[in-house]
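Here, each number is a calculation from the coordinates, and none is a lab measurement. All figures in this text were calculated on a predicted structure; none of them were measured in a lab. Note that we place each Cβ from the backbone using ideal geometry, even for glycine, and neighbour counts take in every protein chain shown.
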Amino acid sequence: MNTKALYAACLFAALNICTLSARAESNVPAQTYTYGTHLDVQKVLSLSEDAEPICGVVNAHMTYLDSAGHKQALDYRKLSDNCNDGN
């Protein structure tokens, strides 16, 4: 086997290992927020909420990285983005 083929095989193997670990982390079970829950948020990856056309309290979801670089998920309740900032 020549060196180019060997390098290509090693690169292919490394990419497959990275893909498998990324898939394993994408299915992180979500923690439900309660008052007093310790949050270790280093970087927020995504925020989403239920699509409700009214102003009120809705379910929301945050995906983030903690200080160790592990992907985490959090479910919580919040005031809808459809509400005005004023009264």
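Observations, loosely collected:
- Each other residue within a Cβ distance under 14 Å of L47 adds +1 if Lys or Arg and -1 if Asp or Glu, for a net charge of -1.
- Surrounding net charge for S67, when Lys and Arg each add one and Asp and Glu each subtract one, Cβ distance under 13 Å: 0
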